[in-house]
C-alpha cells in the first residue's frame, strides 16, 4: 500500500522493539503483526491480566499496576518506566485507554519514544469537537448545522437551536460513549436538557463545555478509513457502516455499506482525504460521518487511532492496517492511491454481557471455549477455556469477522460461524447476533442508527 524507500533506509528507520500500551485482543493483534515484521514486543499488564494471552505471546512483559485502569493502563509514568527498562523505542497505544490522550503522545515525544499514533496537536485539534468542526468547515468538509464554538448558557442554546432548526442534539465537547448528550425536540425542553447534560459531562470528563447540532433524522453512521504520511499526503480505504448501535456503542460493522453507492463512496472518500490533509494527519485514522436519508453527509468526528472495526477494511482491501500504521510511524511515504472493497465483510462484536438482561456485563470464568473456523472466518480474541474475564474493563471479548463475495454470503457465513461459536461459563451477546442475522430488515440492508431502538430482539 505504501511506497517503500530503499531497503537500507527502511532497515534503519524501522523500530527494534515496540511496547503495546493496551490489553486484550488489540494487544495480541499488534503483537502478531510485530512478530511478522521482525520487531520485538513488550506487553504491559495489570495484576488482573496476568493470565491474558498478550502477556504470554509478547517477548517481554511488565506488570504496571493493580487491576484498576486508573492505576495501570492509564498510568502514564508506569508505562514510560516500562518502556525505559525494556529499552523499547516505540509505543503502540491500540484503541481506548491512552490512544487519544495528547498528554501521553507528548510525554512519549519528550522521552524520545515514538508514539504510533497522532501528535499531541492533532489529538487536541480533533478531540475538542467544536474546534474539529471549525477546522473541517475551513477545509470544505460538510458539517452539521449548529453552534460555532461553545454555548455560553441555556439562552444561547435556545438562540442557536432556532437557527439550526429543531430537533437538535446538545453535546459535550469532551464527550464520547453517549455521555453528556441530549436530544431536544422543542424549545420547552432545552433548558432542563442543557443543565443535565452539563452536569453529566462534568462528572464524566471533568469538562462541562457544550455545543449544539441539528439532529439528523434517519441517520446512517458511515466512517471513512484514512491513512496519511509525514509528508502531508493522505489516501482513503473506503467506508464502514456502523449503524447497528446500542446507546451509541457499535455492535456490528460492515463494508461496503448496503446504503452507499459508488458515487457517494467517491464523494465521502474525497472528504475524508480533505479532513486528513487539513491537519497534516500522520498515521491511520478514521473520519466519521452521519449520512441522512437523502444521501447528504456531515462530518461527525475524527478518530486519531486504529479502530476496533479496522478488521473488516483489512479483509476487503487485503492489507494489514497495523503494519501500515507502524510503517507510517517509521516515516515511510504513501503512494496516495485509494482502495476500494473487493469483498464483503461483517464484524460482530462478542461482549461478555447478558443480552436478555439489558446487556448487563457478565464477567467470570470461561469454562468451555470453541472458536468457529472455515473459509472466510476470522476470530480476533484473547479468550480461552479457563480464562477469567475481569470485571474492570470493557466487556468485549472477541470479534467475529466473516468475509465473502457478496453481502448475502457474508451474512450466511456469519450465521454459520455464530452457531459454531461456544463460550460457556459467562453470558455473551452471541444469541443477539444470531437473531440479528435472521432479521429481514437487516438482511435487506434497510437500517439506520435507530434500528435497535425499534427492534426488540428478545421477542424475535
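The values are calculated or read from the model by the stated rules, or taken from the named source; none is laboratory data. Note that the structure is a prediction, hence the values are computed from the model and not measured. We place every Cβ from the backbone using ideal geometry, glycine too, and count neighbours over all the protein chains shown.
Brief remarks on what is shown
- From the options 106, 137, residue that is touching a helix residue (DSSP H, G or I) at 6+ places or on another chain (Cβ under 8 Å) and surrounded by fewer than 22 Cβ atoms within 10 Å (Cβ to Cβ): 106
- Residue within region 411-421 that is out of contact with any helix residue (DSSP H, G or I) (no Cβ under 7 Å at 6 or more places or on another chain) and in a loop (DSSP other than H, G, I, E, B) present: no
- Assessment of region 105-125 against the conditions (at pLDDT 95 or above, in a helix (DSSP H, G or I) and within 20 Å of residue 31 (Cβ to Cβ)) yields at least one matching residue.
- The one condition in (1) in a loop (DSSP other than H, G, I, E, B); (2) in contact with a strand residue (DSSP E or B) (Cβ under 8 Å, 6 or more places away or on another chain); (3) farther than 13 Å from residue 423 by Cβ that residue 393 fails to fulfil: (2)
- Residue within region 225-240 that is part of a helix (DSSP H, G or I) and either touching a residue at least 40 places away in the same chain (Cβ under 8 Å) or outside the structural domain of residue 337 (by TED's automatic domain parsing) (or both) present: no
- Residue within region 181-203 that is in a loop (DSSP other than H, G, I, E, B) and buried (at least 19 other Cβ atoms within 10 Å of the Cβ) present: no
- Unique match (being in contact (Cβ under 8 Å) with a residue 40 or more places away in the chain, at negative phi, outside any loop (DSSP other than H, G, I, E, B) and surrounded by fewer than 24 Cβ atoms within 10 Å (Cβ to Cβ)) among 70, 81, 48: 48
- Looking across region 100-118, the residues that are more than 18 Å from the chain's Cα centre (by Cα) and over 15 Å from residue 76 (Cβ atoms) come down to 112, 114.
- Single match in 338, 303, 318, 351 (criterion: more than 30 Å from residue 16 (Cβ to Cβ) and either without any contact (Cβ under 8 Å) to a residue 40 or more places away in the chain or within 16 Å of the chain's Cα centre (by Cα) (or both)): 351
- Residue in region 207-246 that is surrounded by the most Cβ atoms within 10 Å (Cβ to Cβ), counting only those that are closer than 23 Å to residue 457 by Cβ and modelled with pLDDT under 95: 219
- Residue list for region 435-460, restricted to those being within 23 Å of the chain's Cα centre (by Cα), surrounded by 14 or more Cβ atoms within 10 Å (Cβ to Cβ) and assigned to a helix (DSSP H, G or I): 436, 437, 442, 451, 452
- Hits in region 361-375 (condition: in contact (Cβ under 8 Å) with a residue 60 or more places away in the chain and either closer than 16 Å to residue 431 by Cβ or not in a strand (DSSP E or B) (or both)): 362, 363, 366
- Residue 385 vs. criteria surrounded by fewer than 18 Cβ atoms within 10 Å (Cβ to Cβ) and touching a strand residue (DSSP E or B) at 6+ places or on another chain (Cβ under 6 Å): yes
- Single residue of region 283-298 satisfying the filter (touching a helix residue (DSSP H, G or I) at 6+ places or on another chain (Cβ under 9 Å) and modelled with pLDDT of 95 or more) that is nearest to residue 258 (Cα to Cα): 291
- For region 422-434, a residue qualifies if it is surrounded by fewer than 17 Cβ atoms within 10 Å (Cβ to Cβ) and out of contact with any helix residue (DSSP H, G or I) (no Cβ under 8 Å at 6 or more places or on another chain), and the qualifying residues are 422, 424.
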